[in-house]
1. Mind listing just one residue for me: the one in the range 25-56 that is modelled with pLDDT under 85 and among the aliphatic types (A, V, I, L, M) and, of those, surrounded by the most Cβ atoms within 10 Å (Cβ to Cβ)?
2. Would you call ARG287 at pLDDT 95 or above and either over 20 Å from PRO113 (Cα atoms) or open to solvent by 30 Å² or more (accessible area, probe 1.4 Å) (or both)?
3. Within the range 311-321, identify whether any single residue is more than 26 Å from THR231 (Cβ to Cβ), crowded, with 20+ Cβ neighbours inside 10 Å and of a type in the set (A, V, I, L, M), and answer yes or no.
4. Of (1) in contact with an Asp or Glu (Cβ under 7 Å, 6 or more places away or on another chain); (2) open to solvent by 30 Å² or more (accessible area, probe 1.4 Å), PRO218 satisfies all except one. Which?
5. Within the range 120-155, restricting attention to residues that are surrounded by 21 or more Cβ atoms within 10 Å (Cβ to Cβ) and of a type in the set (Asp, Glu), which residue is modelled with the lowest pLDDT?
6. Confirm whether ASP326 is over 26 Å from the mean Cα position of the chain (by Cα), at pLDDT below 95, closer than 16 Å to SER240 by Cα and not hydrophobic (A, V, I, L, M, F, W, C).
7. For the range 175-191, check the following and say yes or no: at least one residue is at positive phi and either among the polar types (S, T, N, Q) or free of Cβ contacts under 8 Å to residues at least 24 places away in the same chain (or both).
8. Please enumerate the residues belonging to the range 107-119 that are touching a residue at least 60 places away in the same chain (Cβ under 8 Å), open to solvent by 10 Å² or more (accessible area, probe 1.4 Å) and closer than 18 Å to VAL314 by Cβ.
Amino acid sequence: MADGTRKRPRVIGGLLAGALLATGIGLYATDSGPFRDSYCWGAWQENSGPSFLGGEAVAESGSARTGTESAPPSAGRPRGTCTVAVASTVEDDDSDEPLTFDERVVVEYGPVPAAKDRHAWLAQYLDGSMTPLPDGLDGLVAGDRAMLVLPEACDVDGRPSVVTMRGEGWGDGHLGRVTMPFSIGTYSAVTRMLLDVANTGMSHTGCSPDQPLRTTSPLVTVAERSELAATPLCRIPGVSFEFGSDAYYQQQVGAVTTRLQTCTATARSRGGSEMPVVQYVMTGTPRMAALFEGLPEGTAHGLTRATCDGRATVFYGHVDSSLTADQAVVQRSFRNFVASVGTRIGCGTGGKA
C-alpha cells in the first residue's frame, strides 16, 4: 500500500508532464500559445503577415531566423530599433565554401534626423517607387521599404516622429560579399507590418491616438516601373539635366495626386551600387510637410512653400553634385517643377519659387 502511494505521485507527475508536453507541441504547431516567437517589442508574431515571418523563410536546411531589438521606445527615450534577420547557407557548385545569405528587415522609431542628415533620409523614404498610404495616413510604402509620419502628439523637440522599415540583403561566397535586392513582401503586407510596429511604439511612448492606426482602402500602386532617365526628367517640361555616359541613369515617376507628387532619378556606375541623384517632391498634407521643417528655404536650396487650393504645400528638389555642379541648371529645373506641379494643383501662379 505504501509502495503504491509512493508510486502514484510519480505516475501522475509523468502523466501531467506528458500532457503538458503534448499540449505545448500542439500549441506550437498551431501558433496559438506562448511558444510563438514575437519580434519588435511584440508587434509581429511568427507565421503572421508576409512569408518572411513564416515557416517557408526558414524551411530549408541551414536557415534560421533571429530577432534583435533595443529597449522599447518610451516617453523619456523616444527612439527604438529592431531587426529581424533570416540567415541561410547553401552549397556552392563552384567552390568548396558554401554560399551564405542574409536577409533582414530593419525598423527605426523616433524623430526624423537633424537637418544636416535630412536630405539622405528623404531620398530613401520619399522615393518615386513608393506609393502613398490611404485613409489619411501620412506615409509611403513599397515592397522593400516603408515610412509613416506619426501624429503630432508624438513630436520630439519640434521634429515629427516617424517609423521606417527597410529590407536589406547580402550574399557572400568565393567571389566576395555583394548587396542583393530583397523585397519584404507585398505592399499590403508591408503596410500591415508598418502599422503594427507603429501602434506598438506609440503605446510605449504614450502618444497613441484614440483608435489604433489602420487602413481598409486598397493601395494605389505606382503606375510606371523604373525607366531610363530622359529629357524632360519626370516628364515635366523644363526639368532637364545632361546625363553622362559614365553611369546608367534611371528615373521613377511616382505618385501624382493633388496632395503628393514624387519623382526620383538614380545612377548606377559600372560595378557600383545605385545612388539617388535627383529627387522632386510636392506634398500638401501637414504631417508630410513637417518632414521639411528646419531645412533652409528658397529656390537656391530647393525648398519653397505655397498655398495651393487652400492647402499649405511644400515643393522640394534635391540634385546631387555628381550629376551637375551648375546651380543655374539646378535652380531652373526646380522652378519649372514648381510651376508645372503648382499649376496642376491650383497654386495660381505655380507657387512662390
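1. Filtering first and then ranking leaves LEU27.
2. So ARG287 fits the description; yes.
3. No - not one qualifying residue is present in the range 311-321.
4. The single condition PRO218 does not satisfy is (1).
5. Ranking the qualifying residues of the range 120-155, first place goes to ASP127.
6. yes
7. Yes, the range 175-191 contains at least one residue that is at positive phi and either among the polar types (S, T, N, Q) or free of Cβ contacts under 8 Å to residues at least 24 places away in the same chain (or both).
8. Listed by number, the residues that qualify are ALA115, HIS119.
The values are calculated or read from the model by the stated rules, or taken from the named source; none is laboratory data. Everything numeric in this text was worked out from a predicted model, so none of it was measured. Don't worry about glycine lacking a Cβ; one is built from the backbone with ideal geometry, like all the others, and counts go over all protein chains shown. These accessible areas exclude ligands, DNA and RNA; they are computed on the full protein's heavy atoms, side chains included. Shrake-Rupley method; radii C 1.70, N 1.55, O 1.52, S 1.80 Å.
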